[in-house]
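What follows is a set of notes on a single structure, which appears directly below.
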Amino acid sequence: MKRKSEFKMHPAADRRIHLVEARSNHVFPRHSHEQYGVGLIYQGAQRSFSGRGMVEAGAGQIITVNPGEVHDGAPIDDRGRCWRMIYLDPSFVMEILAGQIDDEVRSAEFIRPVFDGDRYPALFHRLFLAMATPTTSAMPLLRDELLAELLPAAMERRTAARAVPPPVSMAQAMIDDDPAASFTLAELASVAGLSRFQLLRGFAAALGLTPHAYLMQRRADLARRLILGGNSLADAAAASGFADQSHMTRVFIRKYGISPGDYARIRG
């Protein structure tokens with residue numbers, strides 16, 4: 001029998017941190033996040049596509065994802081899997097890494113999608129509990145110390161972002177600049193100086209998503225930020241370019257595993 005999915009978000013004192021705990025058979029389609037994600041699978045196992053190929057992770061292993069990295073996730077069997085995830089805004093990660101990197105570094109990324117060994121799971125467990133515990137005067141210090149131990153060891157620093165072919169980058173920027181707008185493939189191809197077929201093929205090869213799938217991701221990201229900022233669900237849906245609130249809800253659940261309403265209640 002398949003286990004009912006359960007997703008729980010733990011409030012965090014810092015809004016740049018999101019804590020998620022899940023017990024689920026949910027199959028996530030290919031998507032990406034604006035944040036860094038680091039988690040621990042503590043029961044079951046999953047198989048997923050990542051920016052570094054197909055990987056499998058089981059109980060006791062750390063999983064990671066970088067901002068903008070396209071990935072998916074499916075349980076290995078009907079028993080599903082249980083995991084905890086910490087999502088961190090990029091600006092917060094760079095603050096933690098400050099002083100450990102030189103001035104030329106502009107970004108950082110997790111070097112592997114799956115980490116083994118006793119050190120990381122134990123460190124993650126302490127970090128998650130520190131972040132999920134009601135704030136005391138000492139918790140921010142403990143949190144930052146644990147992050148300063150975990151992140152540099154698991155990441156590599158970069159002086160420049162990974163290159164996307166300029167024509168594809170132009171179409172991507174057009175979507176990023178206004179994800180609520182309506183686009184046709186012909187319009188995006190014209191900006192890129194490519195045929196529609198060339199753009200479709202090049203976009204998927206470079207970013208792992210078709211232009212339409214990428215647009216839906218960006219709209220979901222925008223809706224999440226608007227909800228986090230206190231906007232009503234209806235207003236967030238309209239401002240993000242969704243046909244209606246139901247459409248936003250379907251996309252939101254596929255990507256985050258939790259409904260916009262539940263997200264608003266927890267983050268509020």
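The values are calculated or read from the model by the stated rules, or taken from the named source; none is laboratory data. Please read these numbers as outputs of a predicted model, since none were measured by experiment. Reconstructed Cβ throughout: ideal geometry from the backbone, glycine too, with neighbour counts over all protein chains shown. Side chains are part of the model used for accessible areas, which takes the heavy atoms of the whole protein and leaves out ligands, DNA and RNA. Shrake-Rupley method; radii C 1.70, N 1.55, O 1.52, S 1.80 Å.
Do we find a residue being assigned to a loop (DSSP other than H, G, I, E, B), exposed (fewer than 14 other Cβ atoms within 10 Å of the Cβ), at positive phi and not hydrophobic (A, V, I, L, M, F, W, C) anywhere in the stretch 172-191? No, because not a single residue in the stretch 172-191 is assigned to a loop (DSSP other than H, G, I, E, B), exposed (fewer than 14 other Cβ atoms within 10 Å of the Cβ), at positive phi and not hydrophobic (A, V, I, L, M, F, W, C).
Look at the stretch 141-157: where a residue is farther than 18 Å from PRO121 by Cβ and a partner is outside any helix (DSSP H, G or I) and of a type in the set (Gly, Ala, Ser), sitting 6+ places away or on another chain with Cβ atoms under 7 Å, you get GLU156/ALA108; ARG157/ALA108.
Pairs meeting the criteria (first residue in the stretch 15-33 and under 23 Å from LEU222 (Cα atoms), second residue among the β-branched types (Val, Ile, Thr) and not in a strand (DSSP E or B), beta carbons under 6 Å, at least 6 apart or on different chains) are ARG30/VAL70; SER32/VAL70. Looking at GLY51, GLY44, GLY39, GLY60, just one residue is among the small types (Gly, Ala, Ser), at pLDDT below 90 and over 21 Å from ARG219 (Cα atoms), and that residue is GLY51. I want to confirm something. Restricting to the stretch 29-46 and keeping residues that are open to solvent by less than 40 Å² (accessible area, probe 1.4 Å) and touching a Lys or Arg at 6+ places or on another chain (Cβ under 7 Å), which single residue is nearest to ALA204 (Cα to Cα)? For the stretch 29-46, the residue satisfying everything is HIS31.
Annotation: of all residues in the stretch 91-118 being modelled with pLDDT under 85 and closer than 20 Å to ALA59 by Cα, the one that is most open to solvent (accessible area, probe 1.4 Å) is ASP118.
One residue stands out in the stretch 238-263 among those that are in contact (Cβ under 8 Å) with a residue 12 or more places away in the chain, over 13 Å from HIS18 (Cβ atoms) and among the hydrophobic types (A, V, I, L, M, F, W, C): the one that is surrounded by the fewest Cβ atoms within 10 Å (Cβ to Cβ), namely ALA239. Would you check which residues across the stretch 1-16 are in contact with a helix residue (DSSP H, G or I) (Cβ under 6 Å, 6 or more places away or on another chain) and assigned to a strand (DSSP E or B) and list them? MET9, HIS10 - these are the residues of the stretch 1-16 that are in contact with a helix residue (DSSP H, G or I) (Cβ under 6 Å, 6 or more places away or on another chain) and assigned to a strand (DSSP E or B). When ARG201, ARG157, ARG224, ARG196 are checked against the criterion of being open to solvent by 50 Å² or more (accessible area, probe 1.4 Å) and either within 20 Å of the chain's Cα centre (by Cα) or at positive phi (or both), ARG157 stands alone in meeting it. Of PHE7, PHE49, all but one fail to be within 21 Å of MET131 (Cβ to Cβ), open to solvent by 20 Å² or more (accessible area, probe 1.4 Å) and touching a His at 6+ places or on another chain (Cβ under 9 Å); the exception is PHE7.
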